[in-house]
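Participant: For reference, the structure I am asking about is given below.
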Amino acid sequence: MSFENLGLSPELLQAVQGQGYSVPTPIQTKAIPLILNKQDILGSAQTGTGKTAGFTLPLLQRLMLEKKNGGGKRHIRALILTPTRELAAQVCKSVETYGKHLPLRSTVVFGGVNMEAQVRRLQYGVDIVVATPGRLLDHIGQRTIDLSRVDVLILDEADRMLDMGFIPDVKRIIALLPKGRQNLLFSATLTNEVKKLAMGFLNNPVVVEVAPQNTASELVSQVVHHVDRRRKRELLSHIINTKKWQRVLVFTRTKHGANRLAEELSIDGISATAIHGNKTQAARTKALEQFKKEAVRVLVATDIAARGLDIQQMPHVVNFDLPHVPEDYVHRIGRTGRAGHEGEALSLVCVDELNLLRNIERMLNISIPKMNLKGYEPDSSIRAEPIQRRGRPQAPWRFKGNAHKSRHSYRRNEMASASWS
């Protein structure tokens with residue numbers, strides 16, 4: 001199968017070739033013909049599978065084949081909703097990249113920046129809007145955006161929308177859109193909650209799944225290093241230096257922890273920066289650009305801040321803290337092993353996190369290789385302590401039964417403090 005066989009226009013094929021791609025991924029092979037045929041889709045695809053191009057290419061083709069604006073002002077014909085600013089920016093960049101040879105206009109709308117520039121761009125006229133729900137509702141409330149002619153709605157990373165408490169906003173937006181449009185929903189996992197959401201606005205959708213749910217890419221090698229919590233940073237610095245890693249994405253559980261780790265790594269002589277919800281949009285953009293250009297070797301991030309990061313050939317991902325929710329482990333290590341490249345996922349696990357590790361292995365149905373690095377062996381006399389969470393002790397083994405409930409409240413709390421949308 002080639003992109004030519006999918007019925008794409010010469011302009012789109014030229015853009016695809018310009019990005020160095022010749023063979024479509026499974027999600028692209030399945031989704032593109034369906035989208036061109038105007039069918040609603042419920043899609044499940046892990047990060048790094050080419051999902052964004054899978055809906056961007058046929059969307060651009062549809063809009064070109066069905067020109068409706070003529071010589072007058074352009075009207076918004078496609079709306080793409082994403083959970084975070086970073087993902088919105090990434091998707092809009094993909095739209096611009098693949099549509100570079102087409103006379104279509106797009107813009108991105110998210111919070112954390114002044115609205116005036118967004119208003120001017122919308123008044124100028126655009127065909128495609130990529131937005132986060134909160135800022136889009138701000139524009140709707142101020143009547144600076146017109147969604148009355150939207151032909152295609154795309155909801156990207158619906159599972160994250162649920163986790164972050166955005167679904168009420170999403171439903172408000174959907175209620176304002178015209179009937180008879182095409183709807184596309186994509187999610188890393190098709191949980192019961194995602195399916196329930198899909199039933200509310202998809203019309204006879206075709207289910208497209210390209211990977212088993214809750215599985216890690218076979219291109220990602222996984223390993224666990226047992227180490228005492230107080231020596232995690234010391235071990236991480238040792239590994240980065242001895243292995244001469246030049247680009248490492250490190251996950252921490254909290255924003256404060258991300259800042260502290262970035263500072264400590266810098267003291268160790270390893271250039272590092274942090275990205276999380278308390279950072280301004282300008283600061284996050286600067287940190288990401290520094291990392292992409294390898295001006296810094298390490299990017300320390302929280303789960304939500306790392307959502308939608310588009311970094312090519314990410315060779316190493318480190319879990320400095322294991323996530324409370326097993327599914328987040330899959331999302332984290334999915335930042336490496338993308339687009340056919342091999343990757344390495346390393347987890348630094350202390351005694352307090354052993355139950356979290358067991359939950360992850362149980363979900364993946366594997367035993368992740370374990371090792372103790374000489375000189376950093378954990379102290380066998382140290383016993384597990386309850387993990388502190390939201391001001392009160394929470395035993396790791398109790399977390400398993402409340403994972404779903406805790407994940408949602410945790411996401412909403414972080415979102416509220418970060419003012420993401």
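Participant: Short version: what are the Cα gyration tensor semi-axes of region 108-260, square root of 5 times each eigenvalue, largest first, in whole Å? Could you put the intermediate results ahead of the total?
Facilitator: Numbers: eigenvalues 300, 105, 40 Å².
Equivalent-ellipsoid dimensions as semi-axes: 39, 23, 14 Å.
Participant: Below 26 Å, Cα to Cα, which lysines can LYS292 reach? Residues fewer than 8 away in the same chain don't count.
Facilitator: LYS51, LYS93, LYS100, LYS232, LYS243, LYS244, LYS255, LYS279
Participant: Given the alpha-carbon gyration tensor of region 1-120, what are the semi-axes of its equivalent ellipsoid in whole angstrom, ordered largest first, with each equal to the square root of 5 times an eigenvalue? Let's see the in-between values first.
Facilitator: Working: eigenvalues 115, 67, 38 Å².
Taking √(5λ) for each Cα gyration eigenvalue gives 24, 18, 14 Å.
Participant: Highest mean first, what order results for 26-37, 51-62 on Cβ atoms within 10 Å?
Facilitator: Details: 26-37: 20.4, 51-62: 25.2.
Packing order, densest peptide first, comes out as 51-62, 26-37.
Participant: Could you please report the charge total around ALA272, scoring K, R as +1 and D, E as -1 over all other residues with beta-carbon less than 13 angstrom from its beta-carbon?
Facilitator: Working: positive: ARG233, ARG247, ARG260, ARG297; negative: GLU263, GLU264, ASP268, GLU294.
Counting the neighbours of ALA272, the net charge comes to 0.
Participant: Then there is this: For region 1-50, what is the largest minus smallest coordinate of the Cα atoms on each principal axis, given in angstrom and ordered from greatest to least?
Facilitator: Sorted largest first, the three principal extents are 29, 24, 16 Å.
Participant: Then there is this: Cβ under 14 Å from PRO205's Cβ, PRO205 left aside: what net charge do those residues give with Lys, Arg +1 and Asp, Glu -1? The partial results should precede the final answer.
Facilitator: Values: positive: LYS30, LYS38, ARG181, LYS195, LYS196; negative: ASP40, GLU209.
Computed value for this residue: +3.
Participant: Taking the inverse of the average 1/r across all pairs of different Cα atoms in region 4-209, what Kirkwood radius in Å do you get? Each step should come with its number before you reach the end.
Facilitator: Numbers: mean 1/r = 0.0586 Å⁻¹.
Mean inverse Cα-Cα distance, inverted, gives 17.1 Å.
Participant: Which order do peptides 249-257, 192-200 fall in by mean Cβ count within 10 Å, highest first?
Facilitator: Packing order, densest peptide first, comes out as 249-257, 192-200.
A short reminder: the numbers here are calculations on the coordinates, not readings from a lab. In this text, all values refer to a predicted model and were calculated from it rather than measured experimentally. No Cβ is skipped: glycine too gets one built from the backbone with ideal geometry, and neighbour counts run over all protein chains shown.
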